[in-house]
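No value in this document is a laboratory result; all are computed from the given coordinates. Everything numeric here is computed off the predicted structure, so don't read it as measured data. FYI the Cβ positions are ideal-geometry reconstructions off the backbone, even for glycines, and counts take in every protein chain you see.
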Amino acid sequence: MGDMSELTTDSRIAAATAASVTGPVTLMNRFVVPASRDQEFEAMWTRTSEYFVARPGFVSLRLHRAVSADATHRWVNVANWACQADYRAAHATEEFRRLVGQPGWQEFPSFPTLFEVVTSVG
């Protein structure tokens with residue numbers, strides 16, 4: 001996992017892509033959270049999610065918890081955005097940096113990745 005001091009606000013943003021995606025995107029963000037820290041993580045995530053819900057282009061948000069306590073990434077955030085530009089704009093503000101720069105977040109490394117839908121069934 002590495003030294004916790006290596007975590008920065010930039011590490012909380014999905015990497016930039018060379019491809020221009022103009023349609024909807026989905027953020028899938030995996031978190032490393034010890035089972036003993038679930039309550040603290042969920043409280044911080046809930047406060048931070050209030051920021052995103054109010055941003056232009058936000059579509060929906062779901063937080064998932066693994067049913068297996070020994071999973072490495074026990075929490076996964078799935079957020080849908082109208083487009084990549086809206087996602088990027090929401091993550092480029094000082095308010096975002098302040099929220100995810102809080103000392104408590106250092107305890108919960110995350111691995112954000114943006115996806116586009118390729119196939120949909122049902």
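Taking other residues whose beta carbon is less than 14 angstrom from the beta carbon of Ala35, and scoring Lys, Arg as +1 and Asp, Glu as -1, yields -2. Applying the Kirkwood pairwise sum to the alpha-carbon positions of region 24-115 produces a hydrodynamic radius of 13.6 angstrom. For the pair Ser120 and Ala89 in one chain, pulling the backbone fully straight at 0.36 nm per residue adds 8.5 nm over the alpha carbon distance. Between the C-alpha center of region 73-122 and that of region 50-65 there is a gap of 9 Å.
Using the average count of surrounding beta-carbon atoms within 10 Å as a protection proxy, the listed peptides 81-93, 58-70, 32-44 rank, highest first, as 81-93, 32-44, 58-70.
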